Amino acid sequence: MAAHLPRLFEAAGASPAATVAAAALVGPAQVAARIVEFGLMRRTHPLISARIAAALHPIGAALLGALGPFGVLGFALLHGAGNGMITIAKGTLPLAIFGPHGFGLRSGVLSAPARITQSTAPFRFGLLLDRMGAGAVMLSGGLMLAGFASLFLLRARVPATVEVVAGAGAP
């Protein structure tokens with residue numbers, strides 16, 4: 001997406017100046033979202049953070065679709081914030097769901113399909129822009145909505161508790 005933001009914004013009808021200004025805000029939005037997550041959302045379960053992060057891109061896509069050139073700023077900020085938050089969730093969510101045992105292997109196995117898909121994403125999104133114009137962002141928003149919905153199928157891992165059995169002679 002980042003490689004095509006200027007072209008996407010121009011396809012939505014934004015001026016070159018608005019395109020550059022909005023695209024320049026994606027990075028600061030990523031950093032701001034990470035700071036908010038580290039500070040205000042520090043005690044929030046990673047599953048909640050991942051759900052919020054996954055919802056931000058589709059909301060931004062809806063703004064862009066509804067407002068056209070007037071929605072580029074909102075899209076850039078929401079897309080950037082979601083992207084910033086999801087990078088943290090990619091590391092913390094598997095730990096919260098599966099626990100620390102085998103974390104490295106499990107994280108690698110879970111991220112492999114995404115890495116393979118991401119390697120062709122700029123090419124595929126460029127083709128979508130050629131065919132659909134700014135409407136291509138609606139497809140990406142729909143895919144993120146599917147990801148958002150799938151996060152509701154996950155359940156947080158319940159930490160094991162130690163039970164003291166009566167008469168077990170606990171010291």
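No lab work stands behind these numbers, since they all come straight from the coordinates. Model, not experiment: these values are computed from the prediction. Heads up, the Cβs are rebuilt from the backbone with ideal geometry, glycines too, and the neighbour counts pull from every protein chain shown.
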Along the dipole axis of the range 2-153 (charges at Cβ: +1 for Lys and Arg, -1 for Asp and Glu; origin at the Cα centre), the most positive-end residue among Gly74, Val20, Ala32 is Ala32
Report relative contact order for the chain in percent, whole number only (criteria: Cα-Cα under 8 Å, sequence separation at least 6).
31 percent
Paramagnetic label zone (point 7 Å from Cα along Cα-to-C-beta, Ser15; backbone N under 12 Å) in the range 119-133
none
Note down the nm distance, to one decimal, between modelled labels 7 Å out along Cα→Cβ at Ser150 and at Leu25.
3.0 nm
Net +/- balance of residues flanking Ile86 in space, Cβ distance below 15 Å, scoring K and R +1, D and E -1:
+3
So for His79, His4, His57, fewest C-beta neighbours within 10 Å to most, what's the order?
His4, His57, His79
Report the residue, chosen from Val36, Val109, Val72, that carries the largest GNM mean-square fluctuation when the chain is represented by alpha-carbon nodes joined by springs under 10 Å.
Val109
Run the helix sum for the chain: -39,500 (n - 2.57) per DSSP H stretch of 4+ residues, divided by residue count, reported at 222 nm to the nearest 500 deg cm²/dmol.
-24500 deg cm²/dmol
Of Ala149, Ala22, Ala81, which is the most mobile in a GNM of the chain whose springs link Cα atoms less than 10 angstrom apart?
Ala149
Could you check which residue among Ala24, Ala61, Ala114 shows the biggest mean-square fluctuation in a GNM of the chain with a 10 Å Cα cutoff?
Ala114
Kirkwood calc, the chain, C-alpha pairs only, radius in angstrom 17.7 Å
To the nearest 20 debye, the chain has a Cα-centred charge dipole, built from +1 on Lys and Arg Cβ and -1 on Asp and Glu Cβ, of 260 debye
Pairing the Cα long axis of helix 103-132 with the longest principal axis of the chain, what angle in degrees results, from 0 to 90 and rounded to the nearest 10?
10 degrees
Rounded to the nearest 10 degrees, the helix 26-39 long axis (Cα) sits at an angle to the longest Cα principal axis of the chain of 20 degrees
Would you mind giving the three semi-axes, in whole Å and largest first, of the ellipsoid equivalent to the range 22-110 according to its Cα gyration tensor?
28, 13, 11
Would you mind ranking His45, His101 by Cβ crowding within 10 Å, fewest neighbours first?
His101, His45
Estimate the FRET efficiency between Leu110 and Ala2 by the formula 1/(1 + (r/R0)^6), using the beta-carbon distance for r and 25 Å for R0, to the nearest 0.05.
0.65
Against the longest principal axis of the chain, how steep is helix 46-67, in degrees 0 to 90 to the nearest 10, with axes from Cα atoms?
10 degrees
